[in-house]
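Following: one structure in structure tokens, then a few remarks.
The values are calculated or read from the model by the stated rules, or taken from the named source; none is laboratory data. Just so it is clear, the structure is predicted and the values come from calculations on it, not from any experiment. Note that we place each Cβ from the backbone using ideal geometry, even for glycine, and neighbour counts take in every protein chain shown. The protein model used for the area step is the full one, side chains on, heavy atoms only, and it has no ligands, DNA or RNA in it. Shrake-Rupley method; radii C 1.70, N 1.55, O 1.52, S 1.80 Å.
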Amino acid sequence: MIRKVTLLAVGALMGATSVSAINSFGGSAEAAGTATYRQLAIFGNVFERVRAQYVTPPEEEKLIESAINGMLTSLDPHSSYLNQEAADDMRTQTRGEFGGLGIEVTMEDELIKVITPIDETPAARAGVLAGDFISEIDGEPVRGLSLGEAVDKMRGPVNTAIELTVLRDGADQPIKIKVVRDIIAVKAVRYRVEEDVGYLRVISFTEKTYDDLSDAIETIADEVGKDKLKGYVLDLRLNPGGLLDQAISVSDAFLDRGEIVSTRGRNPEETRRFNSRPGDLTGGKPVIVLINGGSASASEIVAGALQDHRRATVLGTTSFGKGSVQTIIPLDSKTALRLTTALYYTPSGTSIQGTGIKPDIRVEEPVPEELRGRIQPAGESELRGHIQGENENEEGSGSIAYVPPDPKDDVQLGYAMDLLRGIKTDPAFPPNPDQAAIKN
């Protein structure tokens, strides 16, 4: 993440993920040959030699887990083995809720700085304020911990207490605050009214995303009034993806008909088409979608569907270019396999693997002078071992993933607002549905 800000949850999913109920091998692939079994015998021999003769006794469980992960990472950067901890984290991400305090934080001067306490959460009720610096967690100094390590310490079982030592501007000594953890429901969609424009930021695609989006659209329409509302900005920047079914539902929220996305895999059951249903939640209001190099997978599905149908104008810079789908396959009650099983295609039949979504209107977001050289373009095409996209070329995918903290400094957002209000004009806005790029 370029901006080192996190909600007290696990990091967002990087991909379009399909949760599978597959528990056993279906036998669709060819049986392993004699040479394969010979290599497996060699692996067993190596394992026994390491276990018995390595200079210090190795942890056998870690050896096996490393071997499995080595096999999977040799396939592509997104396939992996999920041990119990990783599988629990994945489930936390997809649920969009966790046991925690309810604060958005960053790291500053080796301390945890509170960006904001979330309303109606334990931290807010206990008196934690924006701008507070957390110096100790349960008496342990924060200095020396990474942001992720500190976040892990603040998360925990519901109804358990934690003591924060807080340094507050104006206070002559540290403040001790006791907070009792509770279920924190993370909003997958944040929204606000910008006079006559509705702003919708989809943070990640969890189980709550479509419901949050639907509520936000309805609230904005009621607050502004349908006659006065000029349209919506759908901000997918810095959105690393999430659940495939939620990406489909979010796309469907803006479409009346037509294909949203198709997936094509090695096996027939992995080749599917997903279509929209009648009903546009916005009532046909103009939509501008914002993307950048931090928009990946599920967010690219939404941007690609709305772009191909000419339902929305896509503005910003080239997206990450992750056009693969990972299926979560349970291995037992605790562990799972995240395996790339398909590539997805936009309604025009285009794979964006390694190329990304190209905006209809390219608008660069200026990077502050103090960050220049420290923020590099990010893209799937730069990942070692990535699946080569059928349309991939030397240009590759991705771009700078930066969004200013203050909306007043946000050039891409300001450009979108000006288009919706008629202050700026562009041939790509409003898009013409008659020119939809749909594969028949």
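Things worth noting here:
- Residue match in the stretch 28-44 (condition: at pLDDT below 95, in contact with a His (Cβ under 7 Å, 6 or more places away or on another chain) and part of a loop (DSSP other than H, G, I, E, B)): no
- Scanning the stretch 193-227 for residues that are touching a residue at least 40 places away in the same chain (Cβ under 8 Å), assigned to a loop (DSSP other than H, G, I, E, B) and charged (D, E, K, R) yields a count of 4.
- The listed residue being closer than 28 Å to Met417 by Cβ and either open to solvent by 80 Å² or more (accessible area, probe 1.4 Å) or in a strand (DSSP E or B) (or both), out of Glu370, Glu390: Glu370
- Yes/no for Val128 being crowded, with 16+ Cβ neighbours inside 10 Å and either among the polar types (S, T, N, Q) or not in a strand (DSSP E or B) (or both): yes
- Within the stretch 234-274, considering residues that are in contact with an Asp or Glu (Cβ under 8 Å, 6 or more places away or on another chain) and of a type in the set (Val, Ile, Thr), the one nearest to Ser351 (Cα to Cα): Thr263
- Any hit, the stretch 140-155, residues being open to solvent by 60 Å² or more (accessible area, probe 1.4 Å) and in a strand (DSSP E or B): yes
- Looking at Asn239, Asn275, Asn267, just one residue is at pLDDT below 95 and over 22 Å from the mean Cα position of the chain (by Cα), and that residue is Asn267.
- When Leu331, Leu337 are screened for being surrounded by fewer than 17 Cβ atoms within 10 Å (Cβ to Cβ) and touching a Leu at 6+ places or on another chain (Cβ under 8 Å), only Leu331 passes.
- In the stretch 285-303, the count of residues that are under 26 Å from Thr92 (Cα atoms), open to solvent by 10 Å² or more (accessible area, probe 1.4 Å) and under 13 Å from the mean Cα position of the chain (by Cα) is one or more.
- Scan of the stretch 397-440 for residues that are free of Cβ contacts under 8 Å to residues at least 60 places away in the same chain, open to solvent by less than 40 Å² (accessible area, probe 1.4 Å) and part of a loop (DSSP other than H, G, I, E, B), ordered by number: Pro404, Asp410
- Candidate set from the stretch 172-192 (those that are in contact with a Gly (Cβ under 7 Å, 6 or more places away or on another chain) and part of a loop (DSSP other than H, G, I, E, B)); member that is farthest from Gln93 (Cα to Cα): Arg181
- Leu420 being within 24 Å of Ile288 (Cα to Cα) and among the aliphatic types (A, V, I, L, M): yes
- There is no residue in the stretch 228-243 that is out of contact with any Cys (no Cβ under 8 Å at 6 or more places or on another chain) and assigned to a helix (DSSP H, G or I).
- For Arg155: the one exception among (1) of a type in the set (D, E, K, R); (2) without any contact (Cβ under 8 Å) to a residue 24 or more places away in the chain; (3) under 16 Å from Asp182 (Cα atoms): (2)
The rows are residues; the columns are (1) among the hydroxyl-bearing types (Ser, Thr, Tyr); (2) in contact with a helix residue (DSSP H, G or I) (Cβ under 7 Å, 6 or more places away or on another chain); (3) open to solvent by 50 Å² or more (accessible area, probe 1.4 Å).
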position: Glu60; (1), (2), (3): no, yes, yes
position: Gly70; (1), (2), (3): no, no, no
position: Thr73; (1), (2), (3): yes, no, yes
position: Ala86; (1), (2), (3): no, no, no
position: Asp89; (1), (2), (3): no, no, no
position: Thr94; (1), (2), (3): yes, no, no
position: Glu97; (1), (2), (3): no, no, yes
position: Glu104; (1), (2), (3): no, no, no
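- The residues listed here are Asp169, Asp119; of these, the one that is more than 26 Å from Arg237 (Cα to Cα), open to solvent by 50 Å² or more (accessible area, probe 1.4 Å), of a type outside the set (A, V, I, L, M) and assigned to a loop (DSSP other than H, G, I, E, B) is Asp169.
- The stretch 172-194 - residue that is open to solvent by 50 Å² or more (accessible area, probe 1.4 Å) and in contact with a Phe, Trp or Tyr (Cβ under 8 Å, 6 or more places away or on another chain) and, of those, nearest to Gly127 (Cα to Cα): Ile183
- Residue match in the stretch 202-222 (condition: in contact with a helix residue (DSSP H, G or I) (Cβ under 7 Å, 6 or more places away or on another chain), open to solvent by less than 10 Å² (accessible area, probe 1.4 Å) and either over 27 Å from Arg155 (Cβ atoms) or of a type in the set (D, E, K, R) (or both)): no
- Strands (runs of 3 or more DSSP E) fully within the stretch 247-361 counting 3 or more residues that are touching a residue at least 40 places away in the same chain (Cβ under 8 Å) and closer than 24 Å to Ser397 by Cα: 259-265, 287-291, 313-316, 324-330, 336-345
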